[in-house]
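Working notes for the structure below.
The values are calculated or read from the model by the stated rules, or taken from the named source; none is laboratory data. Keep in mind that what you see is a predicted model, and the values were worked out from it rather than measured. Quick reminder, even Gly has a Cβ in these numbers, built from the backbone with ideal geometry, and neighbours come from all protein chains shown. Just the protein is used for accessible areas: all its heavy atoms, side chains included, with ligands, DNA and RNA removed. Shrake-Rupley method; radii C 1.70, N 1.55, O 1.52, S 1.80 Å.
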Amino acid sequence: MSTTSRTVTMTETLVTPHRKPSTRGLKSERPKWHLTIIAVIVVGIFLFPLYWMISTSLKSPDQLFTSPPTWLPIPADWSNYVTAVFDNPLMLRALGNSVIISVGTTVLTIVLAAPAAYAMARLRLRWTALLLLPFLVAQLLPAINVALPMFALFSQWGLVNTYIGLILANTVGTLPFAVIVLRPFYLTIPRELEEAAAVDGATRFQSFFRIVLPLVRPGLVTVAVFAFVMTWGEFVFGLTLTTQREMQPVTVTLNAFIGQYGTEWGPLMAASTVVAIPLIIVFVVFQRHITGGLAAGSVKD
């Protein structure tokens, strides 16, 4: 190529503008406002009963049945909380009962479900799927079908009107759920970790407590939260297995505000708000662990 041709080519290259890469095949990521609006509406629908409960608890008696309804209780009337909770020894005792029963059930559920789920995930048992069937069936049975035979059995054992009886009864409902949820967490842990521990001289129990359990901590937290929530809101066992009002959980005590001649809506909503506070605190504190735990445990067997 001659010097003149080479100069012309270089000049054309410098003069010709650079072409921008084509973005025809790339989809523009625009904010999907319609999905956000739908999500806000759905969340608002679910949160409206909670707002109305709190709003009703702060209304005076003359504001409860006004037409149109009072949306914002101004000024707020806190007398319902004083009447229903702080000056009500029975409600305070019921709150303490629910704390003892819920915490006890949660601890017992974890102690029993952790090794049971590990055995179904790790040990080479025959008919593992068939062994899971009773746990699934237990989730389908109505609580009242279990409560009546349990009352007859606990009456013979002296467990009626006792914390131990209520904890055992609630564990019957939470344990199958805990085993079903925990088993996928164990399936995500490689067997090589336990085999390496066995080579180092660790027994199966040592591998379970020192290696496996720390790795399934998100699953344990998830199961513990759901066990606590299920027990805190349980009503049938609390009503059936307690004949003394001093031993009843808070869900049964709330029923006392519904009388034969009417319902005390203000005190009932105030007591319900106080009952809902522990659940809200638990979910706010453990929200990250619950979300991560449910995602980590979603594995196909």
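Structure values in brief
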read-out	value
Three-way shape call for region 170-275 based on the alpha-carbon gyration tensor, with the a/c threshold at 1.5	prolate
Cut-off 11 Å between beta-carbons: net charge of the residues surrounding Val212, Lys and Arg +1, Asp and Glu -1	+4
Region 192-291, relative contact order [Cα under 8 Å, separation at least 6], %	28 percent
Anisotropy class of region 160-227 from Cα gyration tensor, a/c 1.5 cut	prolate
Among 52-64, 92-104, the order from most to least packed when residues are scored by Cβ within 10 Å on average	92-104, 52-64
Order of exposure, largest accessible area first, which applies to Met230, Met120 with probe 1.4 Å	Met230, Met120
Selected from Val252, Val274, Phe205, residue furthest toward positive end of dipole (region 162-301; charges at beta carbon)	Phe205
Low-density loop cleavage sites - chymotrypsin sites (Phe, Trp or Tyr not before Pro) in region 159-263, where at most 16 other Cβ are within 10 Å (DSSP)	Phe235, Tyr261
For region 170-301, accessible area per residue (1.4 Å probe, heavy atoms of protein chains only), Å²	53 Å²
Solvent-accessible surface (1.4 angstrom probe) belonging to Thr188, in square angstrom, nearest 10	70 Å²
Net charge, Gln248 excluded, C-beta distance under 13 Å - Lys, Arg +1, Asp, Glu -1	0
